[in-house]
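Novice: Okay, here's the structure, questions in a sec.
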Amino acid sequence: EAHQIMLASLSLSVLRRLASAEGKLGVTLRQQILEHTFILSNLAEIMDDNGSSHDLKQLAAEILKNLAMDRNTSEDIGHIRVIISSLMREFLSQDPSSSRNCNHLLRKNAGHALAILAMESTDNCLVMLMEPGYVFIRELTTMIHDNRYKCTAASLLWNMCEHAQPELSNSDLKELSYILREVSCKFFCLFLID
């Protein structure tokens, strides 16, 4: 079993390096990776498996983040609801051990993957909003006060506002309006100071 975990970790590390390549080569590599349909399902299985280690989930979240950079791929990933569910669970985790570095990296990568999936994708935003068990807007407005996740939460809130506004309740819209104004003012002040 230890050998299988090590092999899975090495395989995911190689896949992460390939998926994070830049330029035309990176685009080609990501397209080639996604030609193998089992890759997304295996990444979904790792993210959804409570028995998977944080390290494997962190690698899987980072790979998903890199693969999601292509708009078509982002839509394909969004069609596998378990991926978005798992990424949301990891990003919104209130686990007291999340201050540990490995948990922080997993939350950070899951959040970045969600933010990229939400960009220019009404469908992915709606899937995130409709995910049962979460009050997504309220949870993001709380996370915006955590310096570690502020930018990711702000990006997600912005995309929710831009792409899923008709689906938001009046209370969600009021919260969004207030928090985005607050964040805009803070970023503007920081920009002036710099």
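The values are calculated or read from the model by the stated rules, or taken from the named source; none is laboratory data. This is a predicted model, so every value here is computed, not measured. As a convention, Cβ positions derive from the backbone with ideal geometry for all residues, glycine included, and neighbour counts pool all protein chains shown. What goes into the accessible areas is simple: the full protein's heavy atoms, side chains included, and nothing from ligands, DNA or RNA. Shrake-Rupley method; radii C 1.70, N 1.55, O 1.52, S 1.80 Å.
Novice: Determine, yes or no, whether Ser98 is modelled with pLDDT of 85 or more, in contact with a helix residue (DSSP H, G or I) (Cβ under 8 Å, 6 or more places away or on another chain) and of a type in the set (Gly, Ala, Ser).
Specialist: no
Novice: Tell me, which residue of segment 74-85 that is under 17 Å from Asn109 (Cα atoms) and open to solvent by 10 Å² or more (accessible area, probe 1.4 Å) is farthest from the chain's Cα centre (by Cα)?
Specialist: Val82
Novice: If you check Leu168 against the conditions, is it aliphatic (A, V, I, L, M) and at pLDDT 85 or above?
Specialist: No: the conditions fail for Leu168.
Novice: Among residues belonging to segment 101-112 that are touching a Ser or Thr at 6+ places or on another chain (Cβ under 7 Å) and modelled with pLDDT under 90, point out the one that is surrounded by the fewest Cβ atoms within 10 Å (Cβ to Cβ).
Specialist: The extreme case among them is His104.
Novice: All but one of (1) within 22 Å of Ile80 (Cβ to Cβ); (2) more than 21 Å from the chain's Cα centre (by Cα); (3) at pLDDT 90 or above; (4) not aromatic (Phe, Trp, Tyr) hold for Lys24; which doesn't?
Specialist: Among (1) within 22 Å of Ile80 (Cβ to Cβ); (2) more than 21 Å from the chain's Cα centre (by Cα); (3) at pLDDT 90 or above; (4) not aromatic (Phe, Trp, Tyr), the lone unmet condition for Lys24 is (1).
Novice: For segment 113-145, which residues satisfy the criterion of being buried (at least 18 other Cβ atoms within 10 Å of the Cβ) and not in a helix (DSSP H, G or I)?
Specialist: Met119, Ser121, Ile144, listed by residue number.
Novice: For segment 29-94, give me every one of the helices (runs of 4 or more DSSP H) that falls completely inside it and has 3 or more residues that are over 28 Å from Thr141 (Cα atoms). Don't jump to the end; show me each part of the working.
Specialist: On the way: elements: 38-48, 54-67, 71-78, 81-91.
Once the helices (runs of 4 or more DSSP H) in segment 29-94 are filtered for at least 3 residues that are over 28 Å from Thr141 (Cα atoms), what remains is 38-48.
Novice: Does Arg71 satisfy the condition of being touching a residue at least 40 places away in the same chain (Cβ under 8 Å), out of contact with any helix residue (DSSP H, G or I) (no Cβ under 6 Å at 6 or more places or on another chain), open to solvent by 70 Å² or more (accessible area, probe 1.4 Å) and not acidic (Asp, Glu)?
Specialist: Yes.
Novice: Do any residues in segment 79-90 that are over 12 Å from Ala113 (Cβ atoms) have Cβ atoms under 7 Å from those of residues that are charged (D, E, K, R) and modelled with pLDDT under 95, where the two are at least six apart or on different chains, and which pairs are they?
Specialist: Pairs found: Val82/Asp48; Ser85/Glu131.
Novice: Of the residues in segment 27-52, how many are within 18 Å of Met6 (Cβ to Cβ), modelled with pLDDT under 90 and surrounded by 15 or more Cβ atoms within 10 Å (Cβ to Cβ)?
Specialist: Selection size over segment 27-52: 1.
Novice: Restricting attention to segment 146-159, report how many residues are farther than 13 Å from Ser93 by Cβ and open to solvent by less than 60 Å² (accessible area, probe 1.4 Å).
Specialist: The number of residues fulfilling the criteria is 8.
Novice: Any residue at all in segment 122-144 that's of a type in the set (Asp, Glu), out of contact with any Leu (no Cβ under 9 Å at 6 or more places or on another chain) and at pLDDT below 85?
Specialist: No, segment 122-144 contains no residue that is of a type in the set (Asp, Glu), out of contact with any Leu (no Cβ under 9 Å at 6 or more places or on another chain) and at pLDDT below 85.
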